[in-house]
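Here's the structure, in structure tokens; my notes come after.
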Ligand SMILES: Cc1ncc(COP(=O)(O)O)c(C=O)c1O
């Protein structure tokens, strides 16, 4: 069964009978400014795409990772992981997943027959972790923005290492977190012993290039080899590799992008706070790539978030209604879109 995600503009445009080009699409956490596409030599299109060693070098430096695999987006790893983990540890049957978060993780584990336990935003330190358990943490979480400290994650890593478990950290949105909370260095320093942690990195969000489909898996050499064997050759097309290598190496652009996103994220928060009545807002949380409004409960049959979602759609503004229908996640709007967003929100009540 296909899940609902942000970015399904064609479908929503059809549903509301408004041409797709008329919409303000804020339904994803993808940066609204993308890395400028460099000129790509024709040869890159003509050759079969072996993994580029220049790309690997650039990625290892950017992600601070000794061992990584270039993949067709981190989604490719999410899908394959349960099967590979089951082979490695046939005694493992349970997985802990965040109650709110990217639901493709749950779909993959459930499809492979694992029992899912949902944990709340605050993962309790004393949560009992049984032997052979898998723990998936999205850091920072999408859509809640919850950020786990390295010390908490290291405690889980140690617990799971001792109990034959697996820690999966999805760092899809971590590029905008400063200083970085990434756990990749914990695998580097112990590459022979830390076999129980896998880190997923998305390229498309921070670099604003989700369409080229590229991502990275960071893990021990053994894990990287296993995934590589399963995925086979030519996972990522040559032009995508060429663009990613250039983008990952451009440290000046990274800094400019971080600053731009930080400003737009603060603007978005201000717009949301000022254009939605305060009594409707429970809290606003997020990262520098999105902001999520949690609404207060309403006495109507539909939640406030659902009503806002529908009313925004009628005005051709597309936000992401969370799966529990209690919140709306907004991607960053560019400056010249701010007035339109403000007006649409003011028209909602
Ligand atoms: C938390 C999270 N992880 C992973 C992904 C997959 O992204 P990609 O396959 O582009 O790396 C997404 C996509 O939205 C996401 O939100």
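Okay, residues lined up against (1) surrounded by fewer than 18 Cβ atoms within 10 Å (Cβ to Cβ); (2) in a helix (DSSP H, G or I); (3) at pLDDT below 90:
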{"position": "131", "(1), (2), (3)": "yes, no, no"}
{"position": "136", "(1), (2), (3)": "no, no, no"}
{"position": "140", "(1), (2), (3)": "no, no, no"}
{"position": "194", "(1), (2), (3)": "no, no, yes"}
{"position": "207", "(1), (2), (3)": "no, no, no"}
{"position": "225", "(1), (2), (3)": "yes, yes, no"}
{"position": "228", "(1), (2), (3)": "yes, yes, no"}
{"position": "234", "(1), (2), (3)": "yes, no, no"}
{"position": "241", "(1), (2), (3)": "no, yes, no"}
So residue 152 clears everything in (1) assigned to a helix (DSSP H, G or I); (2) farther than 23 Å from residue 223 by Cα; (3) within 12 Å of the ligand (Cβ to nearest atom) except one condition, right? Which one? (3)
Only one of 29, 73 is under 20 Å from the mean Cα position of the chain (by Cα) and at positive phi. Can you tell me which? 73
Going by the structure shown, is residue 13 surrounded by fewer than 16 Cβ atoms within 10 Å (Cβ to Cβ) and at pLDDT 95 or above? no
Kindly indicate whether any position in the range 55-77 is surrounded by fewer than 16 Cβ atoms within 10 Å (Cβ to Cβ), part of a helix (DSSP H, G or I), within 15 Å of the ligand (Cβ to nearest atom) and in the same structural domain as residue 178 (by TED's automatic domain parsing). no
Restricting to the range 304-324, name every residue that is farther than 20 Å from residue 30 by Cα and at pLDDT 95 or above. 304, 305, 306, 307, 308, 310, 311, 314, 315
Residues of the range 315-335 classified as in a loop (DSSP other than H, G, I, E, B) and under 18 Å from residue 302 (Cβ atoms), total: 7
May I ask you to verify whether residue 248 is in contact with a helix residue (DSSP H, G or I) (Cβ under 7 Å, 6 or more places away or on another chain) and either buried (at least 23 other Cβ atoms within 10 Å of the Cβ) or within 30 Å of residue 40 (Cβ to Cβ) (or both)? yes
Could you grab me the full set of residues in the range 14-54 that are within 30 Å of residue 145 (Cα to Cα), in contact with a strand residue (DSSP E or B) (Cβ under 8 Å, 6 or more places away or on another chain) and away from the ligand (no atom under 16 Å from the Cβ)? 23, 24
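Of all residues in the range 209-223 being part of a helix (DSSP H, G or I) and more than 12 Å from the ligand (Cβ to nearest atom), which is surrounded by the most Cβ atoms within 10 Å (Cβ to Cβ)? First the steps, then the outcome.
Going residue by residue through the range 209-223, those that are part of a helix (DSSP H, G or I) are 210-212, 221-223.
With the extra rule that they be more than 12 Å from the ligand (Cβ to nearest atom), the set shrinks to 221-223.
Details: 221: 13, 222: 12, 223: 25.
Ranking the qualifying residues of the range 209-223, first place goes to 223.
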Criterion first (closer than 30 Å to residue 38 by Cα, surrounded by 13 or more Cβ atoms within 10 Å (Cβ to Cβ) and out of contact with any strand residue (DSSP E or B) (no Cβ under 8 Å at 6 or more places or on another chain)) does residue 257 satisfy it? yes
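The values are calculated or read from the model by the stated rules, or taken from the named source; none is laboratory data. Just so it is clear, the model here is predicted, and its values are computed rather than measured. Methodologically, a virtual Cβ is constructed for each residue, glycine included, from the backbone with ideal geometry; neighbour enumeration extends over all protein chains shown.
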